[in-house]
Amino acid sequence: MIIDTELFAAPLQGFTDCVWREAHAMTFGDIDAYVAPFMRVEHGEPRRRDLADIDPEHCRHHTVIPQILACRPLDAVLMAERLKALRYSRVDINLGCPFKPIALKGINGQGCGMLRHPEAVRQLFTALAAVDGMSYSVKMRLGWDDASQWRDILPLMELLRPTHITVHPRIGLQQYGGELLTEQFGALLAASPYPINYNGDLTELQHIDDTLRRFPKLAGVMIGRGLVAHPHMLCPDRADRLLDFHQMLFDGYRERLTGGDHQLLRRMQALWEYFLPDAGHRLRKAIKKANSLAHYEQASQDCITDYISKI
Ligand SMILES: Cc1cc2nc3c(=O)[nH]c(=O)nc-3n(C[C@H](O)[C@H](O)[C@H](O)COP(=O)(O)O)c2cc1C
């Protein structure tokens with residue numbers, strides 16, 4: 001099946017860091033751009049590890065779009081300026097994070113929580129638009145507690161003139177489950193003068209094809225959990241590269257993490273929260289129970305080899 005649209009990899013904090021993105025791009029490719037997990041300001045400065053994740057040195061084999069968590073205009077501008085200094089000319093703005101400690105932070109919320117505070121969004125966009133030489137995209141949901149809240153946000157896009165808007169057709173209160181509100185999504189798509197990308201529950205090539213047929217006006221799609229679960233999702237005939245992909249992650253984390261074997265083991269085990277959910281149950285269990293790197297390496301190799309042999 002040939003998919004003729006722009007393909008974006010979604011940011012998943014804790015999963016799609018630069019090691020994962022590099023390994024994915026080098027092993028499977030097919031992604032036009034990877035959006036990095038959001039960066040934020042802490043104690044008046046962008047967090048060092050967020051900056052390290054999008055350091056061009058660590059992103060040599062993939063196109064990355066840094067993302068900032070929508071917040072106070074001053075902090076947002078600080079991040080945009082810092083990204084400009086790293087020679088980035090586009091930034092994605094997070095208006096979608098539904099995690100309550102973030103979404104409900106402060107008077108105006110952050111991420112998805114801001115969608116019910118259009119005035120705060122106006123101030124944020126106005127401040128960012130004044131940063132010279134930076135273009136923006138926005139990643140958002142339909143609303144925080146009401147799926148029509150986007151109607152007050154869309155007109156504000158004029159301030160920013162985004163290259164595109166990625167929409168997850170849920171509201172914040174739904175978190176990452178429950179019904180996809182495709183009718184409201186269709187209304188947003190029809191009303192938007194800006195290119196719209198669809199993001200939500202695309203876990204097979206067929207889902208992408210179906211979505212593009214249902215919404216022909218789409219500019220692209222973004223894939224999150226589906227790609228972490230099955231990194232070969234866009235090229236099923238390359239599933240035999242999963243072992244190489246996994247090895248690249250292992251080597252990449254061994255190089256980057258400074259906390260020794262234990263930290264590396266925990267990092268690799270965390271991957272399996274989403275990775276290959278349909279691999280053999282007993283083999284997956286052995287990975288979770290591994291208490292040394294040697295056990296982990298054997299168990300993961302057995303599991304991936306068995307998985308490949310059965311597809
Ligand atoms: C563990 C986890 C971490 C996420 N981190 C981010 C993030 O940093 N920035 C963001 O915009 N979205 C984040 N998301 C949302 C995803 O990018 C995506 O919008 C969501 O998972 C829906 O797409 P999917 O159904 O293809 O996974 C995260 C989602 C999950 C499950």
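The values are calculated or read from the model by the stated rules, or taken from the named source; none is laboratory data. Values in this document were obtained by computation on a predicted structure and should not be read as measured data. Note that we place each Cβ from the backbone using ideal geometry, even for glycine, and neighbour counts take in every protein chain shown.
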Given (1) within 24 Å of Pro169 (Cα to Cα); (2) within 16 Å of the ligand (Cβ to nearest atom); (3) of a type in the set (Phe, Trp, Tyr), number of the condition Tyr194 does not satisfy: (2)
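Select from segment 192-211 the residues that are in a helix (DSSP H, G or I) and over 20 Å from the mean Cα position of the chain (by Cα) and write down the one among them that is farthest from Asp17 (Cα to Cα).
Let us first name the residues in segment 192-211 that are in a helix (DSSP H, G or I), namely 205-211.
The next check asks that each one be over 20 Å from the mean Cα position of the chain (by Cα); those that pass are 206, 209-210.
Numbers: Gln206: 27, Asp209: 27, Asp210: 29 Å.
Among residues in segment 192-211 that are in a helix (DSSP H, G or I) and over 20 Å from the mean Cα position of the chain (by Cα), the one farthest from Asp17 (Cα to Cα) is Asp210.
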Filter result for Gln149 (closer than 16 Å to Pro169 by Cβ and among the polar types (S, T, N, Q)): yes
With the checklist (1) farther than 22 Å from Pro11 by Cβ; (2) modelled with pLDDT of 95 or more; (3) of a type in the set (Val, Ile, Thr) in hand, flag the one item Ile107 doesn't pass. (2)
Filter segment 11-22 for residues that are surrounded by fewer than 21 Cβ atoms within 10 Å (Cβ to Cβ) and either away from the ligand (no atom under 15 Å from the Cβ) or small (Gly, Ala, Ser) (or both) and give the result. Gly14, Glu22
Of the residues Arg213, Arg225, which is surrounded by fewer than 17 Cβ atoms within 10 Å (Cβ to Cβ) and over 23 Å from Ser309 (Cβ atoms)? Arg213
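Taking the options Gly96, Gly178, name whichever one is assigned by TED's automatic domain parsing to the domain that holds Leu78, touching a Lys or Arg at 6+ places or on another chain (Cβ under 7 Å), small (Gly, Ala, Ser) and without any contact (Cβ under 8 Å) to a residue 40 or more places away in the chain. Steps first, please.
Details: Gly96 fails: without any contact (Cβ under 8 Å) to a residue 40 or more places away in the chain.
Answer to the selection: Gly178.
Could you please find all residues in segment 129-146 being within 16 Å of the ligand (Cβ to nearest atom) and either surrounded by fewer than 22 Cβ atoms within 10 Å (Cβ to Cβ) or part of a strand (DSSP E or B) (or both)?
Tyr136, Ser137, Val138, Lys139, Met140, Arg141, Leu142, Gly143 - these are the residues of segment 129-146 that are within 16 Å of the ligand (Cβ to nearest atom) and either surrounded by fewer than 22 Cβ atoms within 10 Å (Cβ to Cβ) or part of a strand (DSSP E or B) (or both).
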Which of the residues spanning segment 23-36 are within 14 Å of the chain's Cα centre (by Cα) and either buried (at least 22 other Cβ atoms within 10 Å of the Cβ) or among the acidic types (Asp, Glu) (or both)? His24, Asp32, Tyr34, Val35, Ala36
Inside segment 104-121, can you point out the residues that are within 16 Å of the ligand (Cβ to nearest atom), of a type outside the set (Lys, Arg) and either on the phi > 0 side of the Ramachandran plot or in a loop (DSSP other than H, G, I, E, B) (or both)? Gly109, Gln110, Gly111
Identify, from the list Leu69, Leu124, the residue that is away from the ligand (no atom under 12 Å from the Cβ) and not basic (Lys, Arg). Leu124
Tell me, please, whether a residue that is in contact with a strand residue (DSSP E or B) (Cβ under 6 Å, 6 or more places away or on another chain) and among the aliphatic types (A, V, I, L, M) can be found in segment 100-111. no
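If a residue has to be assigned to a helix (DSSP H, G or I) and within 14 Å of the ligand (Cβ to nearest atom) to count, how many in segment 147-191 make the cut?
Residues that pass the stated criteria total 4.
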Looking only at residues in segment 37-90 that are within 19 Å of Tyr253 (Cα to Cα) and in a loop (DSSP other than H, G, I, E, B), which one is nearest to the chain's Cα centre (by Cα)? Pro37
When residues of segment 91-103 are limited to those that are of a type outside the set (Phe, Trp, Tyr) and outside any helix (DSSP H, G or I), the one farthest from the ligand (Cβ to nearest atom): Val91
Any idea which residue in segment 228-244 is nearest to Ile196 (Cα to Cα), counting only those that are among the hydrophobic types (A, V, I, L, M, F, W, C), within 16 Å of the ligand (Cβ to nearest atom) and buried (at least 20 other Cβ atoms within 10 Å of the Cβ)? Leu234
